[in-house]
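To start, the structure itself, in structure tokens.
The values are calculated or read from the model by the stated rules, or taken from the named source; none is laboratory data. Owing to the predicted nature of the structure, the values given are computational and were not obtained by experimental measurement. Quick reminder, even Gly has a Cβ in these numbers, built from the backbone with ideal geometry, and neighbours come from all protein chains shown.
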Amino acid sequence: MLYHVVFDSQSDSFTKRFHIALHAQDIKNFISWEIVASEEAIAVTSAVHTIRLRRITASSHTFVEWFTDFSSDATFEVIEDSKFKKLDAFKDLAEASK
């Protein structure tokens with residue numbers, strides 16, 4: 001399924017409006033999204049984010065992986081910023097799942 005989503009993000013005392021193409025496939029347990037338009041400048045031409053859930057068969061746990069494919073104009077700083085934001089999100093997820 002492909003969805004087009006528009007949302008506003010409040011941060012740093014200003015609002016960012018994003019237009020996102022969202023692709024979800026239940027049978028493979030993943031969701032992907034890409035910001036296709038934004039009122040605020042974006043640091044890269046393209047970044048496709050995917051979160052995939054994988055069942056661990058030896059236990060009742062789930063492995064969560066989150067990867068991003070950046071366009072070739074992504075700088076080291078952009079990639080590192082994304083990495084640290086993902087680490088923060090995983091920490092929040094771990095706390096919420098306790």
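Details
- Residue match in segment 34-49 (condition: within 26 Å of K98 (Cα to Cα) and modelled with pLDDT of 85 or more): yes
- Within segment 46-94, restricting attention to residues that are out of contact with any Ser or Thr (no Cβ under 9 Å at 6 or more places or on another chain) and among the hydroxyl-bearing types (S, T, Y), the residue that is nearest to V36 (Cα to Cα) is T75.
- Residue that is nearest to the chain's Cα centre (by Cα) [pool: residues in segment 65-98 that are in a loop (DSSP other than H, G, I, E, B) and farther than 17 Å from H49 by Cα]: S97
- When residues of segment 40-98 are limited to those that are exposed (fewer than 13 other Cβ atoms within 10 Å of the Cβ) and among the aromatic types (F, W, Y), the one farthest from K28 (Cα to Cα): F76
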